[in-house]
Amino acid sequence: MYWSHEDSTVASVANDSSDDRRPYDTNMTELTLYEEAMCCSTGVCGPDPDDELVEVSAALDQLEDAFDDLEVNRANMQHNIDQFLETQRIYDRVQEDGPSILPITVVDDEIVAEGEYLSYDELTAAIDGSATPQEA
């Protein structure tokens, strides 16, 4: 087991299949990136940040600029453990395969990638048709 949640409140939330946590318009497309534990929320810190994490951060920023109705969230095990515990499918995947399954990319509650970061083009393809690109 990689983490446990003894608190019954957290356990009941983790087992609740209803999704009442979406505070935004239901027409929004939600992209969530579940990541391993990192020193900061993006992993892009310190004197020599990982190039892949720099590229992912830039791609996510570009996506937010390109799509009107897109909400991008990042959750890493160090800073956002509650989000892992509250999302049963992600919790189960990490329990089954360990943290090597991360990152997991989810678009509108559908897992679109596991174990690798997607490029900007791959992320765009995953959300294509779900959100409306902004006019230039």
### Query
Based on the Kirkwood radius over alpha-carbon pairs, what value in µm²/s does the Stokes-Einstein equation return for the translational diffusion coefficient of the stretch 25-124 at 20 °C and 1.002 mPa s?
154 µm²/s
### Message
What does the extension gain come out to for I111 and D61, with contour length at 0.36 nm per residue minus their alpha carbon separation?
### Response
16.0 nm
### Task
Treat each spin label as a single point 7 Å out from the Cα along the C-beta direction, and report the D51 to D82 distance in nm.
3.8 nm
## Note on the structure
Taking placed amide H atoms and a strict 5 Å upper bound, the residues 5 or more places from N76 or on another chain that come that close are E35
### Estimated distance in nm for a label pair at N73 and R89, the labels positioned 7 Å out from Cα along Cα-to-Cβ
1.3 nm
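No lab work stands behind these numbers, since they all come straight from the coordinates. Note that the coordinates shown come from a computational prediction; the quantities given were computed from them, not determined experimentally. A quick note on method: Cβ atoms are made from the backbone with ideal geometry, for glycine too, and the neighbour counts reach across all protein chains shown.
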